[in-house]
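Below is one structure, written out as structure tokens, with a few remarks after it.
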Amino acid sequence: MSELLYPSASLYLNTQHIQLYNGGTYSATLTDVDNLRGSFSTNGQVLTFKQLDFRLILGNLYDQYNEFNMRVASIHYSTGSQAGGQAQPDFWGVWLLRFTGAQLLNQSYNHLLGVCTDQTPLVAGNMAHTTPSSTSGILPSANIVSFRKPQNGFADMTLEFQNIRNVT
């Protein structure tokens, strides 16, 4: 019954869909990929899912509303390790969200640049693990990202991990 009071839509994004597009092969090393479905670089720290069809994702909601709230339910990933003397702070950081084609309503202020940016923080966490390439996940608590629907129905969504040293 709650779906009638609070209509919602779901979106599931998976990096394998980018890798496997058009006959591509899966690689756990997340080597750089760029195709019509998306791209990722820097060992998967910058992920872009291209041309998401928001008319299809939102269904009837697309025509009923102009603004939407998005909540991230979970992030699952293959963990890093402190190999080669890499510092623990490299694995603590924040995932940022950026839309191309849809306007974020809760922008972030960049103190260094003195301007609002086109990205917003999603979740902070530790991506390190004692076992390299093991599966792990984050179940964030309250996090809402508000955005206006893309006028042409399509938008690219970029997720970027920045560690606490502020480097990707």
Order of I57, I144, I18 under a 10 Å beta carbon neighbour criterion, fewest first
I144, I57, I18
Residue by residue through the range 56-65, the couplings from Karplus 6.51 cos²θ - 1.76 cosθ + 1.60 with θ = phi - 60°, in Hz, x for Gly and Pro, are 6, 4, 8, x, 5, 5, 4, 7, 7, 10
Extension length gain for L112 and A73 (0.36 nm per residue less Cα distance), in nm, is 11.0 nm
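We did not get these values from a lab; they are worked out from the coordinates using the rules stated. Predicted model, so just to flag it, every value in this text is computed and none were measured. Positions of Cβ are backbone-derived with ideal geometry, glycine not excepted, and every protein chain shown enters the neighbour counts.
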